[in-house]
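Notes to accompany the following structure.
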Amino acid sequence: HSAALAFLIAGSIWFVVGTLYGAFSAIHLVAPEAFNNIPALVFGRTRPAHVNTVLFGFVTTVLIGCGLYYTPTLLGRTLWSERMAWAGFVLWNTTIVSGPIGFGFGYSQGREYAEYLWLFDLLAMIAFFLILIDVVMTILTRAEDFLYISVWYFTATFIWTSGSYFIGNVMWQPPGGALPGIIDSIVLWFW
């Protein structure tokens, strides 16, 4: 369960980082001029760093870690490929770390919950697929005859999220990741 443990530890670290960015954002609400001379800490940069780090870095990373632990345990075998899960871990966390760094320098797609740059969206998608393949192969080679509903949901998470992440981040429009006009808002809120 080394990859599962790595996801859980990384999620805990991202919780601390995301909370710190949340504190910087909250300070702006009571003292808007507090960080005016520090570009990386202005509200327009700390807010997306907070939201994305908590949503993707903390919540999603911890949930992936939990799923990578309970899926092989419930199926009565080890994870099909611990190396593949580790590759997903590296790609996923590379995406997450790009947020606070990139947003701090003002690099963003400027779309709420879809701020990561296209290259990092691509890394996230590859991570989703690696983990999905690993989980499906673990299911196919299981020792347990009964397939628990939690395993179905964990597997479906990667199928659904891969599709909605691709559409919501407008990944077929590489540099900017946006559509013209009101349709962009509709697609973004689908995500």
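The values are calculated or read from the model by the stated rules, or taken from the named source; none is laboratory data. Since this is a predicted model, take the numbers as computed values, not measurements. Cβ placement follows ideal geometry from the backbone for every residue including glycine, while neighbour counts extend to all protein chains displayed. Ligands, DNA and RNA are stripped out before the accessible areas are found, and what is left, the full protein with its side chains, is counted by its heavy atoms. Shrake-Rupley method; radii C 1.70, N 1.55, O 1.52, S 1.80 Å.
Somewhere in segment 41-57, is a residue outside any loop (DSSP other than H, G, I, E, B), among the small types (Gly, Ala, Ser) and in contact with a helix residue (DSSP H, G or I) (Cβ under 7 Å, 6 or more places away or on another chain)? Within segment 41-57 (the criterion being outside any loop (DSSP other than H, G, I, E, B), among the small types (Gly, Ala, Ser) and in contact with a helix residue (DSSP H, G or I) (Cβ under 7 Å, 6 or more places away or on another chain)), the answer is yes, since at least one residue qualifies. Filtered by the rule that a residue be open to solvent by less than 20 Å² (accessible area, probe 1.4 Å), over 14 Å from the mean Cα position of the chain (by Cα), in contact (Cβ under 8 Å) with a residue 24 or more places away in the chain and within 22 Å of Ile38 (Cβ to Cβ), segment 77-119 gives Phe103, Gly104. Residues of segment 120-174 that are exposed (fewer than 15 other Cβ atoms within 10 Å of the Cβ) and in contact with a Lys or Arg (Cβ under 7 Å, 6 or more places away or on another chain): Thr141, Ala143. Please go through segment 149-186 and pick out each residue that is within 19 Å of Ser108 (Cα to Cα) and of a type in the set (Gly, Ala, Ser). Hits for segment 149-186 are Gly168, Gly176, Gly177, Ala178, Gly181, Ser185.
Glu144 falls short on exactly one of the conditions (1) without any contact (Cβ under 8 Å) to a residue 24 or more places away in the chain; (2) under 23 Å from Pro72 (Cα atoms); (3) not in a helix (DSSP H, G or I); (4) not basic (Lys, Arg), and that condition is (1).
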